[in-house]
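If you scroll down you'll find the structure; I have some questions about it.
The values are calculated or read from the model by the stated rules, or taken from the named source; none is laboratory data. The model shown is predicted, which means the values in this text are computed figures rather than measured ones. All Cβ positions, glycine included, derive from the backbone under ideal geometry; neighbour counts span all protein chains shown. The accessibility values were calculated without ligands, DNA or RNA, using every heavy atom of the protein model including side chains. Shrake-Rupley method; radii C 1.70, N 1.55, O 1.52, S 1.80 Å.
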Amino acid sequence: MDWMMAKLLRKWSLFTFAFFIRVVLIVFGVYQDKTMVVKYTDIDYHVFTDASHFITEGASPYHRATYRYTPLLAWLLTPNIYLTSVFGKLLFVTCDIVSSYLTYGILRGRGMSCQAACGYCSLWLLNPLSMGVSSRGNAESLLAALVLGTLSCVERRRLAAAAFLYGLSVHMKIYPVTYALPLALSLQTRGQAKAGETTIPMGRRVARFLLGLLNRDLLQFFTIAGGVFSLLTLLFYHMYGWEFLQETYLYHLMRRDIRHNFSPYFYMLYLTAESRWSLALGLAAFLPQLALLLLASLAFHSDLALCCFLHTAIFVSFNKVCTSQYFLWYLCLLPLVLPRLMLSLKQGLGLLVLWFAGQGIWLAPAYYLEFEGQNTFVLIWLAGLLFLAINTFILIQIISHYKQEDTQHRQKLD
Amino acid sequence: MVTNVLLCTVFLVVKICGATETEEGDLSGKWLESFKMTRAVWKMGFHRELVTTVECGPHSPEELHALLVQNLPRGVYVDPYQLASLQQDAGLQVLLDSEVDLEAPAYVSNGLSMFVYPTRDPGHPRNLQAVVPIHGRYHRPSSGPGWERIEIEPPRLFLRANDCVPLLPVAPRVLMDAPCSGQNLSMCKWMEIQLTQVLQDQRHISLDLPVGDQSLVVLVCAGTMLVTLLCCVLIANAIWRHVSL
């Protein structure tokens, strides 16, 4: 009993402590915003709040320039206007804690000890990056909670709930749509025997795949997820019209930002923005991303957490636009991947240092361009390529040192 | 909230008044000779501050208000939301004449016009000053020197005294109806002041923004495609090896 209490205390104290630090940061943010020139609150948070303001006046949130999110977010944050301006930040830090709790649940479900699970969760709970981002009012943690919620429900075979969360998460931000293929493959193969699959000829494998589409789980999952997504889309289209589709979905699909960002493609797209090759180059840039996403889905769909992690990391690294908040999309899945990585602490830390160094090397010329007016475009381009090379190296290390879960053991547990 | 009301202004009542001396002795126009306007661009890079200072001479009326009508070229823009927040924090008063696209490159943007109401500089109470943050837009790449020079023309200066009556006797004068201040949108009569003498050496205020090098386009495209393809192949290979193990 004492032993149980000690564990419970450790878990509760970790999560409570993590929440407490974030609340302190929010309070400090209010103070800094009032007293200092450099503001703590993220510019996006002001965008959300302005959009909510329009909602409370019965207007469209898209009256706020650069509001490129679902109206649902602005609706969610209306207490920012009615109650307190820090409501949204409290919601985001709560989502931070919830996502870690979901991670904890998934790790425990794999049979990990409470203490070890807490250790991996603390990588997110006590991570200055996640603390900073959510307490500054960035909504990424909302997505982290939805994605982890989906994974957690799939692992526990609560497919209806998983589908609901998945539909919602694609509506909130478009990027989880890439998880559709691994999700479909994992639902499709669950009931089937896997022995000797590689020896079956290609034609029969394709036939089997198509037959698998008729699988009840799969149909149920995508009916619910598609239903949630379509309902929300129809509802908001009815309310806000074309502008909603344009800002929430099309803008992100068509986005061709020529201003400097982490993407390896930025300088190429800037130099060719007005050329007739622009479209062709855009497509050529899309192909490596697509090919790798397909390959990763086929190879790793039996381990959804790893597959989603790789998907997001590949998607972000090879994307035509990439900013630092995108990194959180895959970092929130890292605690699920780490336990199965056969890397020594030293190797792990080495990769971490390398990743930060890649960002630092990019940030230096970007700073000189943006704030000193020096022409560092070529350096930023080279740094972007180097960062892609570093990300590639890290991904290869993760893939080659990953010990996939024993499926037989898993089936016994099921 | 955005308090910068979009103005459909308003050069409606522009009239040329006859040159008559007024009875107000102090405002005989002599103090205008000590009037001076200086302009500067602070900071470097894409985020600058356009600083306009109107130095009033020792004999100028106490309750004097100034309005600067400033045109900005398409190469730079102001962020209405930043201006709104600065109005709250620092009392900056700026009104814009149109909506601003915060992200478009220069070659698909329009210039904009703004009303700037300079306020008393606490350090020099005789001076009226406005510090307006401006941001550079991305420009078309060039094969030239690597920088694009953006010139900002001098603003038109208008004055009014507290009671909203024309007070300046200098001829010929232009009167304009415009909002009394950034917060008070009721109309006041403003009188344009010509400061050609003072402005002559300040006319070419400018800032340089870095632009991409068009002559590198083939190298950049080839390099980018090569590295991304190589990375793609390496990752694919790692996945392949992992699966076949």
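How well do other chains shield peptide B:213-222, expressed as the mean number of their Cβ atoms within 10 Å of each residue Cβ? Before the final figure, lay out each step's value.
Details: counts 5, 3, 1, 6, 7, 1, 3, 13, 10, 1.
Whole-number average of other-chain Cβ neighbours for B:213-222 is 5.
Something else now. Any chance you could check the Cα centroid distance between region A:320-351 and region A:135-187 for me, in angstrom?
19 Å
Further question on the same structure: Report, in listed order, any pair from A:LYS39/B:LYS36; A:LYS89/A:LYS173; A:LYS11/A:LYS34; A:LYS173/A:LYS320 with a Cα-Cα distance greater than 27 Å. Working shown, then result.
Working: A:LYS39/B:LYS36 35 Å; A:LYS89/A:LYS173 18 Å; A:LYS11/A:LYS34 35 Å; A:LYS173/A:LYS320 16 Å.
A:LYS39/B:LYS36; A:LYS11/A:LYS34, as the Cα separations exceed 27 Å there.
With a 10 Å radius around each residue's Cβ, average the other Cβ atoms per peptide and rank A:47-55, A:344-352, highest first. Write out the running numbers ahead of the final one.
Working: A:47-55: 22.0, A:344-352: 11.7.
Result, highest mean Cβ count within 10 Å first: A:47-55, A:344-352.
Which whole-number percentage describes the relative contact order of chain A, with Cα contacts under 8 Å and a sequence gap of 6 or more? Each step should come with its number before you reach the end.
Details: 459 pairs, mean separation 59.6, N = 414.
Relative contact order comes out at 14 percent.
Which of the helices in chain A, when you take each full DSSP H run, stretch at least 24 Å along the axis at their Cα atoms and have an average Kyte-Doolittle score of 0.0 or higher?
Values: long enough: A:2-35 (48 Å, 0.75); A:87-109 (33 Å, 0.96); A:216-240 (35 Å, 1.04); A:278-300 (34 Å, 2.06); A:345-372 (39 Å, 0.74); A:377-400 (34 Å, 2.34).
Counting only whole DSSP H runs, the qualifying helices are A:2-35, A:87-109, A:216-240, A:278-300, A:345-372, A:377-400.
Sticking with this structure for a sec: Across peptide B:85-94, what mean number of C-beta atoms from other chains lies inside 10 Å of a residue's C-beta?
Details: counts 4, 0, 0, 0, 4, 1, 0, 0, 0, 0.
The mean count of partner-chain Cβ atoms within 10 Å per residue comes to 1.
How many partner chain Cβ atoms sit within 10 Å of a residue's Cβ in peptide B:143-151, on average, as a whole number? List each step's numbers first, then the result.
On the way: counts 0, 0, 1, 4, 3, 0, 0, 0, 0.
Per residue, the average neighbour count from other chains is 1.
Counting only the backbone N, which residues of region B:212-227 are under 18 Å from the spot 7 Å out from the Cα of A:ARG276 toward its beta-carbon?
B:218
Ok, one more. Between A:GLU243 and A:SER344, how high is the FRET efficiency from 1/(1 + (r/R0)^6) when r is the Cβ-Cβ distance and R₀ = 60 Å? Nearest 0.05.
Values: r = 52 Å, r/R0 = 0.87.
With a Förster radius of 60 Å, E is 0.70.
Also, I was wondering about something else. Using the Cα centre of region B:29-225 as origin and beta-carbon charges of +1 (Lys, Arg) and -1 (Asp, Glu), tell me which of B:GLY123, B:CYS221, B:PRO105 is placed farthest towards the positive end of the dipole.
B:GLY123
Here is a follow-up. Along Cα→Cβ, 7 Å out, is where each label goes; now give me the distance between the ones at B:GLN88 and A:ARG216 in nm to one decimal.
With each label point 7 Å from Cα toward Cβ, the separation is 5.6 nm.
In addition: Based on Cβ point charges of +1 for Lys and Arg and -1 for Asp and Glu, what charge dipole magnitude is obtained for chain A about its Cα centre, in debye rounded to the nearest 20? Please list the in-between numbers first.
Working: 32 positive and 21 negative charges, 237 e Å.
My answer is approximately 1140 debye.
Please compute the per residue accessible area over the protein assembly as shown with all protein chains in place, 1.4 Å probe, rounded to a whole number of Å².
In whole numbers, the protein assembly as shown has 47 Å² accessible per residue.
Next question. Enter the buried accessible area of the B/A pair, total of both sides, probe 1.4 Å, in Å² rounded to the nearest 100.
Numbers: alone 14230 and 21020 Å², together 31030 Å².
So the total buried area for this chain pair works out to about 4200 Å².
Work out, step by step, the length gained on full extension between A:PHE356 and A:GLN32: first 0.36 nm times the residue separation, then minus their alpha carbon distance; give nm to one decimal. Spell out each step's value before the answer.
On the way: separation 324, 0.36 × 324 = 116.64 nm, distance 2.66 nm.
Additional length available on full extension: 114.0 nm.
Let me ask something else about it. Measure off, as a whole percent, the carbon and sulfur share of the 1.4 Å-probe accessible area of region B:41-124, all protein chains present.
Numbers: 1750 of 3510 Å².
Answer for region B:41-124 is 50 percent, counting heavy atoms of protein chains only.
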